[in-house]
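What follows is a short report on a single structure.
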Amino acid sequence: MTDTPAVIEVENLSKRFVIRKDKSIKERIVNAALSRRHREDFWALRDIDLSIDAGTTVGLIGPNGSGKSTLLKAIGGIIQPTSGTVRRRGRLAALLELGAGFHPDLTGRDNVYLNAAILGLTRQQTDQHFDAIVDFSGIEKFIDTQVKFYSSGMYVRLAFAVAIHVDPDVLLVDEVLAVGDEPFQRKCLDRIKSFQREGRTIVLVTHALDQVVDICNRAVVLEHGRVIADGTAREATKVLRADFDDQTTTEMASAGRGVNARVLSVQPLTADGRPLLTPAPDEDLVLRVTVEADEPLENWVLGIGIDTPTGQPVFGTNTQLLGLPLERLQGRRDIDVRLSGLRLGEGQYHVRGALAEWDGETFALLPHAARLEVDGDGSAVGPVGVSGIAVAGIGRPAAAGIA
Amino acid sequence: MRNPEAVTRSARLLQEPWQTSAPSGGLFKGTGRSVREIVARRELLNLLVRRELKARYKDSSLGFLWSLLRPLSILLVYYVAIGKFLGAERSIPDFAIYIFTGLIAWQLFSEIVSSSTGSIVNNAGLVRKVYLPREIFPLSTVGGALFNFATQMVILLAAVVLLGRVPTGSRLLYLPLSVAVVLVFATAIGLALAATNVYLRDVQYLVEISLTILFWASPVVYSWRLVHDILGGTWMESLYLSNPVTLAVLGMQRAMWVAGTDEPFPEDLGTRLLVSLLVGAVLLWLCQRLFNRLEGNFAQEL
C-alpha cells in the first residue's frame, strides 16, 4: 500500500472578523474618535489544526455560525487567515453555493464555458467534456436558454455537472446538494462515491448528518470556531447530536413555562421485569419510564423512542398517538410501555423518553436514557430486522438463507 | 485493494508542491506572482470580456448597435449645441472630427475608470465563492472598453475617409502612444478604485462626479488654442498639461485631425506623452500593489 500524501494542511488557523457598525464616510469621520467603540471583533475560527489526506472524504459539521463555511473558504483560498497558514496541493474545485459565477443573462451553454474557465478548465477541455456535462445535468432541452429562467434545481444541476467534470483532486462542497431532486441527489452521491474510489479528496459542509455518516470517512465538528471533535463520521455526528440534545434540553429548561417535570430514566426490561440489554428478535420489550413533576401536571403526553447512535429515529410513539389521556401527574411515577414483535437490525440503539403537552410542545427530553445492543450474524445491515432471507434464481437449485 | 487511478493520483500529488493560500508577497515578487496568475487565466479573462459584451445588450433588439449610437448621439449634441449655437465651429476646422477624436479618447478613459470601480462589487458572487486572481475583474472591463473604443475608431476612420482627410505619415505615431497613456492610467486608477470601493461604497459616486468634472479639464469640445491664449505661459498651463488624459486627447487629435495640422499644439507633445507613459507604468505597479494588499479581505467585506 502506498502512502497517501496530505493534500490540505491547516496550521494554527485563526480568522477574525471586524464588525463595523459604520459604513459611510460621514459616519466614519463623525465617529473617528469613537472608532474603537464602533468595532467589534469576532473570531470565526480559533487555532484550527487540520491535516487531510488524499482520498478521504471529510465532513465539516456543526451548528449554524460555528465557522464551517469560513473554514471551507479558508481552505479554498477565498479568505485569508488572520494568523496561521493553509497549505494545499493539487487541482481544487469549489462547489460553493448555487452556480456562483453564472451570469443570468447568458445561456446555459455560455455559462458552462464560463464556469469551467473559472474552475480552471481550458476551452478545449471544456469542448471535450461539454456533452458529458450537459448529459449529467439532464437539462439538454434548456441548454440554450438564458440561465435566469432556470429553476434553482436546474442551476445546481448544471453547476454540479461542471464542477465534477473539471477533474479535481480536491472538491469543496458547501451545502448545495440538498437543492436537487432525489434522483439527482442520488446521481451526485454515486458520483461522489466514484470520486472516492479514484482517490479524490472531498471536503463537505453540510447539515445533513445522515449524509455525513453515509459518505464521509471522517468528520470534524466545529463549534464557536474551534474543533470539538475529529474522528470517524459516526463518532463525530454522535458528539454533535449529543450537543444538539443538550442544547434542546437547556432551551426547554430556559423556556420555563412553569412546567417543572422531567423524565428521570427509561429502563429497558424483559416482560417479567428483568433488565434487558440485548433484546432477541420478537422478544417483548418493556420500557419503564420514570417521570416526576414538582407541581400537578395536567394534559400531558408521554413519549418514548428508539434511535440509532447517530440520532436517526427508528421507532417512536406517544400516548397522544395511542389516544390515551393520562391522569394528573404529581410526584414520581413509573409507566411501563410494552412493545411486542420488535425486530431490530444488528447494531447499537439508544432509547429516549420525553414529556409534552397534549397538542403542544415537548418540554422535557431524556435523549440517551439507555442503550440496546442487537446481535446478528453480519448478514444484513440497517436498523430493520427480518425473520428470514431467501434468495432465488442464483443459478443453483437450493436457496441460500437464514431460517 | 486500491483503485489504480487512486494510486497514481496520490503518487502525483506527493510530487506536487504546496501552495500557500496567502498570496501577498514582497513588492516585486508579489507583482511577478500576480502577473503570472493573470497570464495563466487569460482564457477566463477573455470569456469575462465576452460575457460583459454579450450580456450588456442581450435582450435589446438593436443589440450591439446601441454601443455605437451612444457616442454618436453625444457627438450630435455637442456638434449642434457647441459647434453651431456657441460658434465653436468657426474657430475649429472640421469640428465634428475634432470632437469625435477627443471624445473617443475620453470615453475610453472614463469607461475603464467607472466600470472597473464597480467591477469587484458587481462580481461579489464570484469573489466571495471562488479563488481567482481578482485583478481579472477590473481587467475584463478594460477589455470591454477597448472593444467599444475599437468600434468607435472604425467610425472615425470611415468619417476621415469620407471627408478625404486621411492622416498619413509620422503623425500616426501619436495614436498608439496616446492610447497607451490612456490605458495605463485608466487601468491603474481603475485597480485602485475597484479595491477601495469594496471598503467604501461612496467611491463609486465620487467617481461619477469626478469624471463629469474632469471631462472639461481636457480640450475635447473646446480648442487648445483657447486655453493657451488665456493660460499661456503661466503655471496653470503646466498644471493643465500635466493631466495625462489631456495629453492623450491632444495626441489623438494630433494624429487624426488632419484639418487642424496648422493649429497650435503644446511643445514637445511626444516627449510629454512618453514621460507620462513612464509615470503611468510606475503608477500602475503601485496601484497593483495596493490592490494586492486590499484584496485579502474582499471576500468578507462584500
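Criterion first (more than 9 Å from chain A (Cβ to nearest Cβ) and either in contact with an Asp or Glu (Cβ under 6 Å, 6 or more places away or on another chain) or outside any helix (DSSP H, G or I) (or both)) does residue B:32 satisfy it?
Considered against the rule, which asks whether it is more than 9 Å from chain A (Cβ to nearest Cβ) and either in contact with an Asp or Glu (Cβ under 6 Å, 6 or more places away or on another chain) or outside any helix (DSSP H, G or I) (or both), residue B:32 comes out as no.
Give the residue that is farthest from residue A:106 (Cα to Cα), with candidates limited to residues of region A:135-167 that are among the β-branched types (Val, Ile, Thr) and in contact with a Lys or Arg (Cβ under 7 Å, 6 or more places away or on another chain).
The extreme case among them is A:164.
Go through (1) modelled with pLDDT under 85; (2) out of contact with any strand residue (DSSP E or B) (no Cβ under 8 Å at 6 or more places or on another chain); (3) under 26 Å from residue A:301 (Cβ atoms); (4) of a type outside the set (S, T, N, Q) and name the single condition residue A:363 misses.
In the conditions (1) modelled with pLDDT under 85; (2) out of contact with any strand residue (DSSP E or B) (no Cβ under 8 Å at 6 or more places or on another chain); (3) under 26 Å from residue A:301 (Cβ atoms); (4) of a type outside the set (S, T, N, Q), residue A:363 misses (2) alone.
Has region B:82-94 got any residue that is under 26 Å from residue B:296 (Cβ atoms) and not in a helix (DSSP H, G or I)? First the steps, then the outcome.
Pass one, region B:82-94, residues under 26 Å from residue B:296 (Cβ atoms): none.
No, there is no match, as no residue in region B:82-94 is under 26 Å from residue B:296 (Cβ atoms) and not in a helix (DSSP H, G or I).
Kindly establish whether residue B:15 is facing chain A (nearest Cβ under 10 Å), exposed (fewer than 13 other Cβ atoms within 10 Å of the Cβ) and free of Cβ contacts under 8 Å to residues at least 12 places away in the same chain.
In short, yes.
Tell me, which helices (runs of 4 or more DSSP H) lie completely within region A:143-216 with 1 or more residues that are touching a helix residue (DSSP H, G or I) at 6+ places or on another chain (Cβ under 8 Å), within 12 Å of chain B (Cβ to nearest Cβ) and among the charged types (D, E, K, R)?
A:182-197
Of the conditions (1) exposed (fewer than 15 other Cβ atoms within 10 Å of the Cβ); (2) under 23 Å from residue A:74 (Cβ atoms), residue A:152 fails just one. Which one is it?
Against the list (1) exposed (fewer than 15 other Cβ atoms within 10 Å of the Cβ); (2) under 23 Å from residue A:74 (Cβ atoms), residue A:152 comes up short only on (2).
Do we find a residue being farther than 16 Å from residue B:43 by Cα, within 12 Å of another protein chain (Cβ to nearest Cβ) and crowded, with 20+ Cβ neighbours inside 10 Å anywhere in region A:115-122?
Looking through region A:115-122, none of the residues is farther than 16 Å from residue B:43 by Cα, within 12 Å of another protein chain (Cβ to nearest Cβ) and crowded, with 20+ Cβ neighbours inside 10 Å.
As an exercise: evaluate residue B:225 against (1) surrounded by fewer than 18 Cβ atoms within 10 Å (Cβ to Cβ); (2) under 22 Å from the mean Cα position of the chain (by Cα); (3) touching a residue at least 40 places away in the same chain (Cβ under 8 Å); (4) under 26 Å from residue B:77 (Cβ atoms) and give the number of the one condition it does not meet.
(2)
Give the residues of region A:367-391 that are of a type in the set (A, V, I, L, M, F, W, C) and at pLDDT below 85, sorted by residue number. Walk me through it before giving the result.
Narrowing region A:367-391 to residues of a type in the set (A, V, I, L, M, F, W, C): A:369-370, A:372, A:374, A:380-381, A:384, A:386, A:389-391.
Across region A:367-391, the qualifying residues are A:369, A:380, A:381.
Counting residues that are without any contact (Cβ under 8 Å) to a residue 24 or more places away in the chain and crowded, with 17+ Cβ neighbours inside 10 Å, which helices (runs of 4 or more DSSP H) fully inside region B:111-170 reach at least 2?
Ranges flagged: B:124-129.
Please find, within region A:113-124, the residue that is farthest from residue B:17 (Cα to Cα) out of those that are touching a His at 6+ places or on another chain (Cβ under 9 Å) and either modelled with pLDDT under 80 or not in a loop (DSSP other than H, G, I, E, B) (or both).
A:114
Would you check which residues across region B:208-262 are more than 18 Å from residue B:280 (Cβ to Cβ) and β-branched (Val, Ile, Thr) and list them?
Result: B:209, B:212, B:213, B:220, B:221, B:227, B:230, B:234, B:258, B:261.
Here is a list: B:91, B:67. Which entry is more than 9 Å from every other protein chain (Cβ to nearest Cβ), in contact (Cβ under 8 Å) with a residue 60 or more places away in the chain, surrounded by 15 or more Cβ atoms within 10 Å (Cβ to Cβ) and not charged (D, E, K, R)? I'd like the intermediate steps shown before the answer.
Working: B:91 fails: surrounded by 15 or more Cβ atoms within 10 Å (Cβ to Cβ).
After ruling out the rest, the residue left standing is B:67.
Could you list, in sequence order, all residues of region A:167-184 that are at pLDDT below 70 and β-branched (Val, Ile, Thr)?
Result: A:176, A:179.
Identify all residues within region B:100-110 that are touching a Pro at 6+ places or on another chain (Cβ under 9 Å), crowded, with 24+ Cβ neighbours inside 10 Å and aliphatic (A, V, I, L, M); write none if there are none.
The answer is B:104, and nothing else.
Looking at region B:47-64 only, could you name the residues that are of a type outside the set (A, V, I, L, M, F, W, C) and closer than 20 Å to residue A:123 by Cα?
Within region B:47-64, B:50, B:51, B:52, B:54 qualify.
For residues in region A:67-108 being part of a loop (DSSP other than H, G, I, E, B), at the interface with chain B (Cβ under 7 Å from one of its Cβ atoms) and closer than 16 Å to residue A:201 by Cα, which is modelled with the lowest pLDDT?
A:90
The values are calculated or read from the model by the stated rules, or taken from the named source; none is laboratory data. Because the structure is a prediction, the values reported are computed rather than measured. All Cβ positions, glycine included, derive from the backbone under ideal geometry; neighbour counts span all protein chains shown.
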